[in-house]
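For reference, the structure is listed below as structure tokens.
The values are calculated or read from the model by the stated rules, or taken from the named source; none is laboratory data. Here the structure is a predicted model, which is why all the values come from computation and not from measurement. Cβ placement follows ideal geometry from the backbone for every residue including glycine, while neighbour counts extend to all protein chains displayed. Keep in mind that these areas ignore ligands, DNA and RNA; they rest on the heavy atoms of the full protein, side chains included. Shrake-Rupley method; radii C 1.70, N 1.55, O 1.52, S 1.80 Å.
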Amino acid sequence: MAKVFSIDAKKCTGCKLCELICSFHHNGVFKPSVSRIRVKLNTREGTAQPLICRQCKKCTCIEVCRPGAISQDEKTGVITIDHAKCTGCKECIFTCPFQAVGFEEEPKGVAIVCDHCGGKPECVKVCFPGALKYIDKETSWAPTRQDTTSRA
Amino acid sequence: MSFDACGYTGKLLRVDLSSGKISVEPLNMAWARQYIGCQGLGVRYLFEELAPGIDPLGPESKIVLLTGPLTGTIAPCSPKYTLIFKSPLTNILYDSTSGGYFGAELKYAGYDGLIIEGKSPKPVYLLIRDQRVELQDAARIWGKDTFTATDMLKQWWGDDLRVTVIGLAGENQVRFASVLTEYAKANGRAGGGAVFGAKNLKAIAVKGSGSVSVANPEALVELSLKLMAETLVENPEQLVFTGWKGGEGTISIMDWANDYGCLPTRNFQAGSFDRKSKIDAREVKKITKKEKACFSCPMGCAHQVKIEQGQHKGTGVGSFEYESIAMLGSNCDISDLAVVAKLNELCNKHGMDTITAGNVIGWAMDCFERGLLTEKDTNGLPLRFGNNEAAIELLEKIARREGIGALLAEGVARASARVGKGSEEFAMHVKGLEIPAYDPRVAIGMGLAYATAPPGAAHTRAFPISGALFGGWWVGADPVKLDPRKPENFAQVCIQQNHWQAYRFSTGHCDFGLLEPGWKLPELLENCTGWPEIKDWRKIGERIINTYRLFSIREGISRKDDTLPAAFFKKPLPAPAEGAVISPEDFEFMLNEYYELRGWDHEGRPTQEKLRELGIQELGLKIGVR
């Protein structure tokens, strides 16, 4: 069954452990700048908003990608960026309304996006306050999902 | 990356403000192996680089800002970076630690730390964006409060820039000015902000896009996740501080402090506060908007509060903590939580240490009530205990050094020396640093902890009070029986805790880091650095404490300074700890035992034998220890 992330920003404490584990999982180092989930902080108000790919029904990132590097799995909805094709033009980054596409400068400069860690997302494992959940798509209309609209 | 640099970037930025020259130099890895990072390494650097007797506010003083090897890694509760400087309050070193996000960001920019020297001819701020490091003209943010200055820097250079900045108090060289980072966290104590101000340095802003590598990443991740799960999922009752679990954060301390009678009240005249229920954890909960964490911390102990009604509507504090509430609240006899929040906000806004601020205001009120300060001295300000408006106005005056504020901006030691007439007896400080929010008469070993803490009265160097009162927080080894009012055994407990705390504060780890499994800290460090010998916390801690001491001795500190304010020896506390006082004999007993167990002589000087054991005999020779 297709799964999606449910984000409750009110529970997010801004610890950024998700960014640390994500970059470790994908790059083998602690490097938040290449994390595929990002926690946007408002340190003045003390709020935090996790930003991650929402597997949109109509993906503007796919539409704007001229080399055709971005595709979506029909079953799971997971977005994949083919790094052999990606030219690093950043159109997808600018167009994504949820600031969910990142950029990896090294080694060749490509766009990066959440790949769900093959169905077992690492970020969810380290989110102790429970701001991040990985749930069945069928239940994703639940109120917690709607909380993602409360931007930091 | 070389093996040696695991957990470190291996690079240090040196900024000479006088000439504007910025250079990158290798971190002294031999010292890093001996002293780790943060506190320990900073003390070692300044022992080497500061000439004896220099003016902390002069151009020859230096600021060292260092992270630890764990900073920026996934090791739980390890966001810390430390500012090390010669304190304008004490004329000896202070190492002031802050959490938040700045430390990790600096490391991602590629630096373990900075050394700032000289004095800029005009106000500047340091902007670090990976390899691009520049001194920028600070004319437009000089004179602005910390919140506004941070806003402006973020507007200019990006929202995700991490900023640490001084306010009016730092610019005016108030001796207890702090450096505030990201609106909420601070390098609070002992006047680092004044040193910034004296150097015409308004702020440091950093953005980093790099990474931190460690020696055994898989093992570090596995151990970190295990520790987090063990503590947070399987042992939640340990986590009284974990906000999102319903924990109350540091303000939970107020309950037991009040019950046992060690909650400073009316400038330490009493140890419990009759209106405590108006400023305790339940009340703080009501105004809490959000429980927040620092970088890499799964606990999240900070409370973001906001006042939503009344005269002080709109007042907000990013991290509302026990120490601040006790010192600005009960110690000044103030029981309106909105006013306490307002005072805390003012401290943040102007960049002042909340502990010293509360201590100084309490002392000034005490003087006023005793007639040692009159309305003539205070420009008509009726500085009675519990006068909310007066306290608020006084803080504004201190930040601006106006009228009576100029006197109090000097700290309680200098102010009382000037006022005289016996006010020195209730000027609550050790070595010039104001006493924080635990009255040591209730557990006399806490007095020894204050008297012997390397930088002056700090509560984070040894904390035998909890061990004495309820057997909690024992550090290693076999527990020793402690009677709160008897001097036996306190020396060895203080020493052991000194070593553990010096070690912990040199790694990037937080004081509250996963309280019990904090014992795995040496293991985390070994996985991080790949150095087996880094697990020997006793030896490294002892080396740091002795180096700290050697620096102090070079500045003239000796046994005479390892003491407490007269009030703790002379004035017994009222109920609930009725009659509690520290007898000079008990204190001497503890101090003698402390020196003896440390291998120090009667004057508190490390012996050459002890220094040889710690591998730092050449430091002793430099200052003439035989």
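For this structure, a couple of remarks:
- Given B:Lys119/B:Lys185; B:Lys80/B:Lys571; B:Lys342/B:Lys486; A:Lys90/B:Lys349; B:Lys185/B:Lys431; B:Lys342/B:Lys431, the pairs whose alpha carbons are separated by over 32 Å: B:Lys80/B:Lys571; B:Lys342/B:Lys486; A:Lys90/B:Lys349
- Cα centroid separation - region B:157-201 against region B:331-377, whole Å: 20
- Diffusion coefficient, µm² s⁻¹, Stokes-Einstein with Kirkwood Rh over alpha-carbon pairs of the protein assembly as shown at 20 °C and 1.002 mPa s: 80
- One quarter of the convex hull surface built on the alpha carbon atoms of chain A amounts to 8.7 nm², the projected area averaged over directions.
- Each 10 Å bin from zero holds the following percent of Cα-Cα pairs in chain B: 3, 18, 29, 30, 16, 3, 0.
- In order along region A:57-69, the phi-based Karplus estimate (6.51 cos²θ - 1.76 cosθ + 1.60, θ = phi - 60°) of 3J(HN,Hα) comes to 5, 10, 8, 5, 4, 5, 4, 7, 6, 5, x, x, 7 Hz; Gly and Pro are listed as x.
- Column: log10 I(q)/I(0), Debye, Cα scatterers of region B:367-441, q = 0.23 Å⁻¹: -1.21
- Ligands, DNA and RNA are left out, and with a 1.4 angstrom probe the accessible area of region B:3-207 is 25 Å² per residue.
- Additional length obtainable on full extension of the chain from B:Lys622 to B:Arg418, 0.36 nm per residue less Cα span: 69.9 nm
- At a probe radius of 1.4 angstrom, the accessible area of chain A per residue rounds to 49 square angstrom.
- Region B:60-124-region A:92-125 distance, computed between alpha-carbon centres (Å): 32
- Surface share of carbon and sulfur [accessible, 1.4 angstrom probe, percent] for region B:3-207: 48
- Length released on extending from B:Arg129 to B:His602, taking residue separation times 0.36 nm less the Cα-Cα span: 165.2 nm
- Computed log10 I(q)/I(0) for region B:241-427 at 0.13, 0.18, 0.19 Å⁻¹: -0.64, -1.14, -1.24, from the Debye equation with unit scatterers placed on every C-alpha and solvent omitted.
- Accessible area (Å², 1.4 Å probe, nearest 10) - B:Glu308: 110
- Net charge of the neighbourhood of B:Arg598, taken over other residues with C-beta under 15 Å away and scored Lys/Arg +1, Asp/Glu -1, is +1.
- Those residues of region A:89-136 for which accessible area with every protein chain present is at least 30 Å² below the isolated value (1.4 Å probe): A:Phe128, A:Pro129
- The distance from the alpha carbon centre of region B:267-310 to that of region B:559-619 is 33 Å, rounded to a whole number.
- For region B:432-578, a crude dipole built from +1 on the beta carbon of Lys and Arg and -1 on the beta carbon of Asp and Glu, taken about the Cα centre, is about 400 debye to the nearest 20.
- In degrees, nearest ten, helix A:17-27 long axis to first principal axis of chain A (Cα): 20
- Whole-Hz couplings from phi, Karplus 6.51/-1.76/1.60, listed for region B:165-182; x for Gly and Pro: 8, 9, x, 4, 4, x, 4, 8, 6, 4, 5, 10, 5, 9, 10, 9, 10, 6
- Charge sum, other residues only, whose C-beta stays under 11 Å from B:Ile84's C-beta, Lys/Arg counted +1 and Asp/Glu -1: +1
- At 0.692 mPa s and 37 °C, Stokes diffusion of region B:190-334 via Kirkwood alpha-carbon radius, µm² per second: 181
- Choice from A:Cys18, A:Cys89, A:Cys123 showing the highest fluctuation, given a GNM over chain A with Cα pairs closer than 10 Å: A:Cys89
- This model, with +1 at the C-beta of Lys and Arg and -1 at the C-beta of Asp and Glu, gives the protein assembly as shown a dipole about its Cα centre of some 1600 debye.
- With the simple spin-label model, which puts each label point 7 Å out from Cα in the Cβ direction, the A:Thr76 to B:Asp536 separation comes to 5.0 nm.
- Within straight-line reach of B:Lys154, meaning a Cα separation under 17 Å, sit the following aspartates and glutamates at least 8 residues removed in sequence or on another chain: A:Glu45, B:Glu105, B:Asp130, B:Glu134, B:Asp137, B:Asp145, B:Glu182.
- Of B:Thr460, B:Cys262, B:Gly314, farthest towards positive along the dipole that unit charges on Lys, Arg, Asp, Glu beta carbons give chain B: B:Gly314
- Share of carbon and sulfur in the accessible area of region A:9-152 stands at 53%, probe radius 1.4 Å.
- Region A:92-142: trypsin sites (Lys or Arg not before Pro) in DSSP coil with no more than 16 other Cβ atoms inside 10 Å: A:Lys108
- Cα gyration tensor shape for region B:574-616, rounded if a/c is under 1.5, else prolate or oblate: prolate
- A helix-only calculation puts chain B at -10500 deg cm²/dmol for mean residue ellipticity at 222 nm, using -39500 (n - 2.57) for each DSSP H run of at least four residues, averaged over all residues.
- The phi torsions of region B:37-50, fed into the Karplus equation with coefficients 6.51, -1.76 and 1.60 and a -60° offset, translate into couplings of x, 5, 4, x, 5, x, 4, 5, 4, 6, 4, 6, 9, 9 Hz, rounded to whole numbers, with Gly and Pro shown as x.
- Amide H contacts under 5 Å for A:Lys40: A:Gln49, A:Leu51, restricted to partners 5 or more places along the chain or on a different chain, H placed in the peptide plane at 1.01 Å from N.
- Ordered from longest to shortest, the equivalent ellipsoid semi-axes for region B:3-207 are 23, 20, 16 Å, each the square root of 5 times a Cα gyration tensor eigenvalue.
- Protein accessible area in region B:241-427, 1.4 Å probe - carbon and sulfur %: 45
- Only alpha carbons enter this Debye calculation for region B:356-508, each as an equal point scatterer, and the log10 of I(q)/I(0) it gives at q = 0.10, 0.14, 0.15 Å⁻¹ is -0.45, -0.74, -0.81.
- The alpha carbons of region B:540-583 give a radius of gyration and a Dmax of 16.0, 42 Å, in that order.
- The residues packed around B:Leu550, meaning those with a beta-carbon under 12 Å from its beta-carbon, carry a net charge of +4 if Lys and Arg are +1 and Asp and Glu are -1.
- Estimated FRET transfer efficiency (B:Asp274, B:Met152; beta-carbon r; R0 45 Å; 0.05): 0.55
- Percent of alpha-carbon pairs separated by more than 28 Å within region B:460-606: 27
- Buried solvent-accessible surface, both chains (A, B), 1.4 Å probe, Å² to nearest 100: 2700
- Whole-number percent relative contact order across chain B, with pairs defined as alpha carbons under 8 Å at least 6 apart: 15
- Calculated P(r) tail over 22 Å for region B:238-318, as whole % of Cα pairs: 35
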